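The values are calculated or read from the model by the stated rules, or taken from the named source; none is laboratory data. Being a predicted model, the structure only gives us computed values, none of them experimental. Reconstructed Cβ throughout: ideal geometry from the backbone, glycine too, with neighbour counts over all protein chains shown. The area values use the complete protein model at the heavy-atom level, side chains included, leaving out ligands, DNA and RNA. Shrake-Rupley method; radii C 1.70, N 1.55, O 1.52, S 1.80 Å.
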Amino acid sequence: MELNIPEFEGPLAQRGIGVIAPFDLALERELWRWAPLEVTLHLARTPYEPVPVSRAMAELVSDRRHLMVATRDVLSVEPEVVAYLCTSGSFVNGVAYEKALCDAICEAGAPCAVTTSGALLEALHKLDLTRISVITPYDRELTDLLHDFLKEAGTEVVRSSHLGLGGGIWKVNYRTIAEHIIGADTPDAQAIFVSCTNLPTYDLIAPLERELGKPVLTANQLTIWACLGRMKLPMTGPGKWLRGVF
């Protein structure tokens, strides 16, 4: 029997992204929707912490030692980039700490590192956005820390909305999220950022971008976008303003 038929020519060469997720991530399926066919995601999680979603939790899940251990856990499958998939954990201590987290991931052996908040700043810079609205599922304190992070990076928050949730963020339905996005829009805002990698947004982006006429940037979208850019692969999934940026 000769195996010179297409079914035996494969599999497609695999290219990996290492993903360090907080212990409570529940949106792996949404995350996979952003990945093109040849890209696979290799997930590691930070240790469980018995605290609600808050500033304290963001600081615990962004401990650089935890990130270094998680990085080493995925290196054996040779990812081309390792991403810290957590918005609050990567903005909670400011711009310098976000960069320090990338340094820690690379110090642990990753060839390249990305964080969710770092990807946000990169997108704002690439799209020349200086005034945005912000939606978060967090409490006021954690939301204010996002404002501080953006201000430090030169971006003005012109309107903000937060849900005040201490857990179960992945259970929020699309209608609630869409209402908050629309409610946070203002003519002064050049884009809307929806924070938190545990808040479902995939199917909302395209219709809301059409309705509002401006970018709707979300945490998981930006993280994978930044990873694909470093891998010299095109953007996949919704988000027309990000297409072709790299």
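A few notes on this one:
One line per residue, one yes/no per condition, for (1) free of Cβ contacts under 8 Å to residues at least 24 places away in the same chain; (2) closer than 27 Å to Val82 by Cα; (3) of a type in the set (A, V, I, L, M); (4) in contact with a helix residue (DSSP H, G or I) (Cβ under 6 Å, 6 or more places away or on another chain):
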| site | (1), (2), (3), (4) |
| --- | --- |
| Ile132 | no, no, yes, no |
| Arg159 | no, no, no, yes |
| Trp170 | no, yes, no, no |
| Asp188 | no, no, no, no |
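- Filter pass, Thr136 being outside the structural domain of Ser54 (by the TED database), surrounded by 19 or more Cβ atoms within 10 Å (Cβ to Cβ) and not aliphatic (A, V, I, L, M): yes
To keep it simple, each residue is scored yes or no on (1) open to solvent by 10 Å² or more (accessible area, probe 1.4 Å); (2) outside the structural domain of Leu146 (by the TED database); (3) in contact with a His (Cβ under 7 Å, 6 or more places away or on another chain).
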position	(1), (2), (3)
Leu27	yes, yes, no
Pro36	yes, yes, no
Ala58	no, yes, no
Ala70	no, yes, no
Gly109	yes, yes, no
Lys126	yes, no, no
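- Within region 172-195, no residue satisfies the criterion of being of a type in the set (Lys, Arg) and either surrounded by 20 or more Cβ atoms within 10 Å (Cβ to Cβ) or farther than 13 Å from Leu208 by Cβ (or both).
- Selection within region 148-171 - over 27 Å from Asp203 (Cβ atoms) and either out of contact with any Ser or Thr (no Cβ under 8 Å at 6 or more places or on another chain) or open to solvent by less than 50 Å² (accessible area, probe 1.4 Å) (or both): Asp148, Phe149, Lys151, Glu152, Ala153
- Screening region 75-96 for residues that are of a type in the set (Val, Ile, Thr) and surrounded by fewer than 22 Cβ atoms within 10 Å (Cβ to Cβ) and picking the one that is nearest to Gly118 (Cα to Cα) gives Val95.
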